[in-house]
Amino acid sequence: MEAQENSHKKMDEIERICSSLNLNERIVLSAYSNAKNEFSEKFDALDSNAVSKALRRLLSFGLVSIDNEEEIGYNLTDLGERYLERGLPEVILVRFLSNRKGIGYDDVRAGSGLDEQEMNAAVGILRSLGILDIGRSGLSLKGGKEAIEARQKALEMINSGRTDIDQSILTDFSRRGLITKKIKEKQIVKVTELGREVIASPLFLKAGIGKVTPELILSWNAVKDVRFLRYDMNPDVPPPIYGRKNIVRDFMKLIKDTFYDMGFSEMDGPYVESTFWNFDVMLFRQNHPDRDIQDTFYVFSDDASVPGDLIKSVKKVYENGFNRGKFDRSYGYGTPFDEKQARKCILRGHDTAMTFRYLYSVISKNKEKPARYFALSKVFRNETLDATHLAEFNQVEGFVYDDNLTVRSLVGYLTDFYERIGIKRIRVKPTYNPYTEPSFEIQGYLDSGRKWIEIGNSGIFRPEVLSSFGIRKNVLGWGLALERALLLRLGITDIRQIYGSFADIDFFRDVEERKIFEGLI
């Protein structure tokens, strides 16, 4: 009974498909199945667009499968065409020496017509193949003429479009600039079992009419029994969902909610920043490599407004250090501080500039009140794009101001934060920053790459940096890379897969279906 019911369902499905196929789709399906019927003879009259459109529809019905294959070929370069006509240098040398022995290098070069570069290349190739002997009396062949002639034959085969050539010869020709590789995408279309059943059905040959035309109406009596194509107004396939949230935006929300839950308030600041807030308040040397145009995006302006009292204090510490007693002092850089350079404008290189703005505007005016702040915003660096670097990316900045803060407090905040966003394998290692001591690089384990990658930087602000703000308590600070943390959550190895032309839309839709942030705060 069940088998009979399944048979009826199959017949209904075939009838539904046959009543939905237009003429072009019947022609294309017949052609790819090698069926001999009235449709297959019309395939050559279709243009490529009509065939592509028909194949897409056949694929949606499950009547065909389409696989993409790469077809690799080779083209001769100008040098390759020259050697095709004249002969490869090693072939010319072998032909010249085939009936001669003990001829001097210069005589061989003059007699063969090879220039110095071609002669050296030919000698090197023949020696590496063990064919050439260089003795006191001169150059002589040891044999192997056939192997060298095969290289010239390979050049002729490449010119004729053949690819069945020894790989070592192809590698050598490519290295010498005689050939270039060409890769052509090729579609392999196969008719499925359902496709063959549809073609075998008597209904397949009864092509229907897709639209009513004036001619059809005028001849209605003649065609009144014609079958019209079926249009399914209730397809089984769910409609595509548009306007989904970007996975990066979801991750940003998760991070913000996490910091709110940890008792932090949010900071904000400008994209275009002065070098004073970006570098000088942190006591970066004014000739520090990070300030070079190769690392920083400069804006054509050098008149940024900075607080007069603060720049004087920073200048004093920069040049002479500070002194709060025998065991609490520094000596500065001992070089002049250039206020003009401090007023140059750049695209913000890190969110730490916001931290120092808040240290000045909030903390220095409320020194007895504990505070926790975070920021999540874009930063800009003149980086070469690669698997772990972007020129424009999001940074998660944060600082804590309170009594009795230690390195253990810092590691505790970082561990708590990362666990809350689903990253459990992190570690810290000592590093150097001009404005924190001790300083720690934060690393996360990338399972898909089986390696530890840097995901942030952190430390306790140096007393001389805070002295310009009149702050004596410890301040914990960190700058975390949002996109690198997202790599760990998504299990991908290349940060460029998140943005732009490298991004796979289907991958991100699958991510949404997996709900990787569900259950986290």
- Message: Within region 75-83, does at least one residue satisfy the condition of being out of contact with any strand residue (DSSP E or B) (no Cβ under 9 Å at 6 or more places or on another chain), on the phi < 0 side of the Ramachandran plot and buried (at least 20 other Cβ atoms within 10 Å of the Cβ)?
- Response: no
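Residues are listed down the side, and each one gets a yes or a no for (1) under 30 Å from TYR331 (Cα atoms); (2) within 17 Å of the chain's Cα centre (by Cα):
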| position | (1), (2) |
| --- | --- |
| PRO463 | yes, no |
| ARG472 | yes, no |
| LEU480 | no, no |
| ALA485 | no, yes |
| TYR499 | no, yes |
| ILE505 | no, yes |
- Task: State which residue is farthest from the chain's Cα centre (by Cα) when the search covers only region 439-461 and only residues that are of a type in the set (A, V, I, L, M) and within 26 Å of ASP261 (Cα to Cα).
- Result: ILE460
- What do you reckon, is LEU55 of a type in the set (A, V, I, L, M, F, W, C), in contact (Cβ under 8 Å) with a residue 40 or more places away in the chain, surrounded by 12 or more Cβ atoms within 10 Å (Cβ to Cβ) and in contact with a strand residue (DSSP E or B) (Cβ under 6 Å, 6 or more places away or on another chain)? no
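I'd like to check something: does region 405-413 contain any residue that is out of contact with any strand residue (DSSP E or B) (no Cβ under 7 Å at 6 or more places or on another chain), of a type outside the set (D, E, K, R) and without any contact (Cβ under 8 Å) to a residue 12 or more places away in the chain?
Looking for residues that are out of contact with any strand residue (DSSP E or B) (no Cβ under 7 Å at 6 or more places or on another chain), of a type outside the set (D, E, K, R) and without any contact (Cβ under 8 Å) to a residue 12 or more places away in the chain, one finds at least one in region 405-413, hence yes.
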- Can you find even one residue in region 314-323 that is part of a loop (DSSP other than H, G, I, E, B), without any contact (Cβ under 8 Å) to a residue 60 or more places away in the chain and of a type in the set (Phe, Trp, Tyr)? no
- Note on the structure: Within region 117-153, the residues that are of a type in the set (S, T, N, Q) and touching a helix residue (DSSP H, G or I) at 6+ places or on another chain (Cβ under 6 Å) are GLN152
- Item | Residue within region 60-73 that is at pLDDT below 75, in contact with a Gly (Cβ under 7 Å, 6 or more places away or on another chain) and either surrounded by 12 or more Cβ atoms within 10 Å (Cβ to Cβ) or more than 30 Å from ILE169 (Cα to Cα) (or both) present | no
- Message: Let me confirm something: among ASP172, ASP164, which residue is among the acidic types (Asp, Glu) and assigned to a loop (DSSP other than H, G, I, E, B)?
- Response: ASP164
- Item | Residues of region 16-52 that turn out to be over 40 Å from the mean Cα position of the chain (by Cα), in contact (Cβ under 8 Å) with a residue 60 or more places away in the chain and in a helix (DSSP H, G or I), as a count | 6
- Task: Residue by residue through region 421-438, note down the ones that are in contact (Cβ under 8 Å) with a residue 12 or more places away in the chain, more than 23 Å from ASP261 (Cα to Cα) and either within 25 Å of the chain's Cα centre (by Cα) or part of a loop (DSSP other than H, G, I, E, B) (or both).
- Result: ASN433, PRO434, TYR435
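Within region 417-451, work out how many residues are surrounded by 14 or more Cβ atoms within 10 Å (Cβ to Cβ), of a type in the set (Ser, Thr, Tyr) and within 30 Å of PHE276 (Cβ to Cβ).
Within region 417-451, residues that are surrounded by 14 or more Cβ atoms within 10 Å (Cβ to Cβ), of a type in the set (Ser, Thr, Tyr) and within 30 Å of PHE276 (Cβ to Cβ) number 4.
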- Yes or no: TYR105 modelled with pLDDT of 85 or more, surrounded by 12 or more Cβ atoms within 10 Å (Cβ to Cβ) and among the aromatic types (Phe, Trp, Tyr)? no
- Restricting attention to region 259-282, the residues that are assigned to a helix (DSSP H, G or I) and at pLDDT 90 or above number exactly 3
- Evaluation of GLY87 against (1) in contact (Cβ under 8 Å) with a residue 40 or more places away in the chain; (2) of a type outside the set (Ser, Thr, Tyr); (3) more than 28 Å from ASN159 (Cβ to Cβ); (4) not assigned by TED's automatic domain parsing to the domain that holds CYS18 (one fails), failing number: (3)
- Message: Looking only at region 151-174, count every residue that is surrounded by 15 or more Cβ atoms within 10 Å (Cβ to Cβ) and under 29 Å from LYS101 (Cα atoms) and tell me the total.
- Response: 7
- Sole miss for SER448 among (1) modelled with pLDDT under 90; (2) touching a helix residue (DSSP H, G or I) at 6+ places or on another chain (Cβ under 8 Å) is condition (2)
- Of residues in region 318-360 being among the basic types (Lys, Arg) and under 30 Å from PHE374 (Cβ atoms), the one surrounded by the fewest Cβ atoms within 10 Å (Cβ to Cβ): ARG324
- Query: Got a sec? Which of GLY143, GLY177, GLY195 is touching a Ser or Thr at 6+ places or on another chain (Cβ under 8 Å) and part of a loop (DSSP other than H, G, I, E, B)?
  - Reply: GLY177
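The values are calculated or read from the model by the stated rules, or taken from the named source; none is laboratory data. As the structure is a computational prediction, the values presented were derived from the model and not from experiment. All Cβ positions, even for glycine, are placed from backbone atoms using ideal geometry, and neighbour counts span all protein chains on display.
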